[in-house]
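Worksheet: the structure to be examined is printed underneath.
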Amino acid sequence: MDLKRIGLFIALMRKEKGLTQKELADKLYISDKTVSKWETGNGLCDVTLMEPLCKELGITVNELLSGERIDDTEYKKRAEENMLSLALERKQSKRNILLSIIVGIITLLSAFTILMASGYYEMPTYQRIILIIISIVILIGGIYVVCILDYHSGTFECRHCKKRFIPSMGAYLMGPHTITTRQLKCPHCGKRSYCKKRLTK
């Protein structure tokens, strides 16, 4: 799914309707920063906002996901392509999550093994220090990769308003979390809660 193309299409349709980003945002009860994020291709509106957005812009969901106006003969074909695209996105998110788990396990095993070796075997102090530094670097690098993979896997769903969103990287990293949830502030309703991880946007 081409987010840049979709963003340009949203901007074009908004301008055709004579709306500013702020006016469109007010109609959807969101911030104008969210609309700006869509239009610059840095995110796609969550599923619950697609229908209201399309209604305001005078387009169909299929046209929104295609990033252009569609005539009747192309409609069914594009609908199938968009469904396939969403399925592939979900599959990619699952792959990223699985990869992040594998990287996490390898990181922990590697760092733990090096630390154990540095404490178990006789060696000069400088070598022991080097091994400890290497294990710390591996641990930090592995955690960073895991976070990046997980961050780019789907979205989070607010417990209160049920809308999906992508948090900022800072909010994501600082939010306390369990395996499937993370404490975040919803940009739609403004409430902070443990938001559930979802595999699609």
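The set of residues from segment 138-161 being at pLDDT 85 or above and of a type in the set (S, T, Y) comprises just one member, Y144. For segment 108-157, a residue qualifies if it is acidic (D, E) and surrounded by 14 or more Cβ atoms within 10 Å (Cβ to Cβ), and the qualifying residues are D150, E157. Of the residues making up segment 174-190, those that are surrounded by fewer than 12 Cβ atoms within 10 Å (Cβ to Cβ) and either farther than 25 Å from A25 by Cβ or touching a strand residue (DSSP E or B) at 6+ places or on another chain (Cβ under 8 Å) (or both) number 4. Count of segment 30-49 residues, restricted to those that are surrounded by 15 or more Cβ atoms within 10 Å (Cβ to Cβ), not β-branched (V, I, T) and not in a loop (DSSP other than H, G, I, E, B), is 5. Screening Y121, Y126, Y144, Y151 for residues that are of a type outside the set (A, V, I, L, M) and either closer than 30 Å to L65 by Cα or assigned by TED's automatic domain parsing to the domain that holds Y29 (or both) leaves exactly one candidate, Y151.
Conditions (1) surrounded by 14 or more Cβ atoms within 10 Å (Cβ to Cβ); (2) modelled with pLDDT under 75, marked per residue:
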site: T20; (1), (2): no, no
site: E51; (1), (2): no, no
site: T60; (1), (2): yes, no
site: R78; (1), (2): yes, yes
site: S93; (1), (2): yes, yes
site: L98; (1), (2): no, no
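Restricting attention to segment 156-192, the residues that are assigned to a strand (DSSP E or B) and not β-branched (V, I, T) total 10.
Quick check on my filter: what residues within segment 168-191 are over 16 Å from the mean Cα position of the chain (by Cα) and of a type in the set (D, E, K, R)? If the condition is that a residue be over 16 Å from the mean Cα position of the chain (by Cα) and of a type in the set (D, E, K, R), then K191 is the only one that fits. So, S193, is that one within 28 Å of M50 (Cβ to Cβ) and in contact (Cβ under 8 Å) with a residue 12 or more places away in the chain or not? Against the criterion (within 28 Å of M50 (Cβ to Cβ) and in contact (Cβ under 8 Å) with a residue 12 or more places away in the chain), S193 qualifies. Only one entry of M123, M116 meets the criterion of being more than 17 Å from V47 (Cβ to Cβ) and part of a helix (DSSP H, G or I), and that entry is M116.
The values are calculated or read from the model by the stated rules, or taken from the named source; none is laboratory data. Predicted model, so just to flag it, every value in this text is computed and none were measured. Cβ: placed from backbone, ideal geometry, glycine included. Neighbour counts: every protein chain shown.
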